[in-house]
1. Quickly run through region 128-148 and pick out the residues that are in a helix (DSSP H, G or I) and surrounded by 13 or more Cβ atoms within 10 Å (Cβ to Cβ).
2. If you check every pair at least six apart or on different chains, which have Cβ atoms under 7 Å apart with a residue in region 254-265 that is assigned to a helix (DSSP H, G or I) first and a residue that is modelled with pLDDT under 90 and not β-branched (Val, Ile, Thr) second?
3. Is it true that some residue in region 84-94 is in a loop (DSSP other than H, G, I, E, B), at pLDDT 85 or above, open to solvent by less than 80 Å² (accessible area, probe 1.4 Å) and of a type in the set (Phe, Trp, Tyr)?
4. Against the conditions (1) open to solvent by 30 Å² or more (accessible area, probe 1.4 Å); (2) under 27 Å from the mean Cα position of the chain (by Cα); (3) more than 30 Å from residue 91 (Cα to Cα), where does residue 340 fall short? Just the number, please.
5. Of all residues in region 166-186 being hydrophobic (A, V, I, L, M, F, W, C) and open to solvent by 40 Å² or more (accessible area, probe 1.4 Å), which is farthest from the chain's Cα centre (by Cα)?
6. Look at region 197-228 and say how many of its residues are surrounded by fewer than 15 Cβ atoms within 10 Å (Cβ to Cβ), part of a helix (DSSP H, G or I) and either in contact (Cβ under 8 Å) with a residue 60 or more places away in the chain or hydrophobic (A, V, I, L, M, F, W, C) (or both).
7. Out of 277, 313, 252, 295, I need the residue that is closer than 27 Å to residue 104 by Cβ and open to solvent by 50 Å² or more (accessible area, probe 1.4 Å). Which one?
8. Does residue 247 qualify as being of a type in the set (Gly, Ala, Ser), in contact with a His (Cβ under 8 Å, 6 or more places away or on another chain) and at pLDDT below 90?
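The values are calculated or read from the model by the stated rules, or taken from the named source; none is laboratory data. Here the structure is a predicted model, which means the values were calculated and not measured. Here Cβ is always computed from backbone atoms with ideal geometry, including for glycine, and neighbour counts include all displayed protein chains. Each accessible area value is taken on the protein alone, full model and side chains, heavy atoms only, with ligands, DNA and RNA left out. Shrake-Rupley method; radii C 1.70, N 1.55, O 1.52, S 1.80 Å.
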Amino acid sequence: MKGRAGIKPPSASCYRPVPTAALRARASETPVPARGSKPNRRPLSVRPVQCRPAAACRADTTRLPYLCATLKEPAVSADQTLAFDPDCHIFTGCGFPAPGLHTFMYEPIATVGGIEFTKPMLLAILGSIVVVGFFWAAFNKPKLIPGKLQMVGEAGYDFVRRGIVYEIIGKKDGEKYVPFMVSLFFFVWIMNLWSIVPLAQFPVTSLIAFPAGLALIVYVMWISLTFKKHGFVGGWKNIVGYDKSLGAILPMVVVLEFFSNLLIRPFTHAVRLFANMFAGHLLIVMFSLATWYLMNGLGFVYAGASFVMVIVMTAFELFIQAVQAYVFVLLACSYVQGALSEHH
């Protein structure tokens, strides 16, 4: 690909736009042709500006007014999750490498049948194996006097059964949904916990695809239970909150409930989990990078404060991870309870 005036740009350089003021200055230096003479129609040539490689520009962007990147090298390398230079510190002319969306992007580990297999997908599979393996080991050979592992498994199972399912759905109707809700709770919790596990250090639910998939499963179960319990006409009445006693406001309630239950409900169910995990992981990464970035000169004082924030945010994230798993299952149970009841 050739640049303007037929000049081929070198591989380690790039063009930068010429400021408007410079174009006006060049135009003012161009002599105005006399009346009656033929104007010079030679196109105005813009000389290419030699720039540094993108890696150098990321380390020091104070000398050039424009971002310098090549055609072959993106401004943020895809193989660097954080695009962070370990030699980048304060007072060295290096800007703070703030985390962004690239923090949540990973190079594929492998490609299977045209599908790219990434680290979050691997963590999701490992999370499933951990949950299944734990409960299999805890209840494979149950004893009358439970051992430590069986005791922990029974405590976790009983917490979801009595603390969530029985409280929301009821003991009679909710017993059949206990295995599903227990599996859902621990699967979401484990995928959240990957954020603080060494080497993993990434919450799988911070990618919207995973919460959306889980919310879709709950949504389909809620719809199917609604129509199975009440029939076609009764199911729609249950979904839209049809009640003759509402009188004149019934049409407005029907419209609001229709959009709320069929469209907004699955969206908020997924986004609530996703947004909390996304924001929490971003804060931990930001304070971690800030700790390293400030470790130079007087910046050590501020690095200590940033490191304290890393510890505080990690502890707070532990609490949020459990709460979000609890809320996700709590809402799932409320949807099932609404499908089984006469009025949602």
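1. Restricting attention to region 128-148, the residues satisfying the condition of being in a helix (DSSP H, G or I) are 128-139, 148.
Correct list: 128, 130, 131, 132, 134, 135, 138, 139.
2. Partner pairs satisfying both residue conditions: 254/241; 254/242; 257/241.
3. Going residue by residue through region 84-94, those that are in a loop (DSSP other than H, G, I, E, B) are 84-94.
So of that shortlist, the ones also at pLDDT 85 or above come out as none.
Within region 84-94, not a single residue is in a loop (DSSP other than H, G, I, E, B), at pLDDT 85 or above, open to solvent by less than 80 Å² (accessible area, probe 1.4 Å) and of a type in the set (Phe, Trp, Tyr).
4. Failing condition for residue 340: (2).
5. Step one: filter region 166-186 for residues hydrophobic (A, V, I, L, M, F, W, C), giving 168-169, 178, 180-182, 184-186.
Pick out the ones that are also open to solvent by 40 Å² or more (accessible area, probe 1.4 Å) and you get 168, 180.
Numbers: 168: 29, 180: 25 Å.
Across region 166-186, the extreme among qualifying residues is 168.
6. Qualifying residue count, region 197-228: 4.
7. On the way: 277 fails: open to solvent by 50 Å² or more (accessible area, probe 1.4 Å); 313 fails: open to solvent by 50 Å² or more (accessible area, probe 1.4 Å); 252 fails: closer than 27 Å to residue 104 by Cβ.
Exactly one residue qualifies, and that residue is 295.
8. Values: of a type in the set (Gly, Ala, Ser): yes; in contact with a His (Cβ under 8 Å, 6 or more places away or on another chain): no; at pLDDT below 90: yes.
The answer is no for residue 247.
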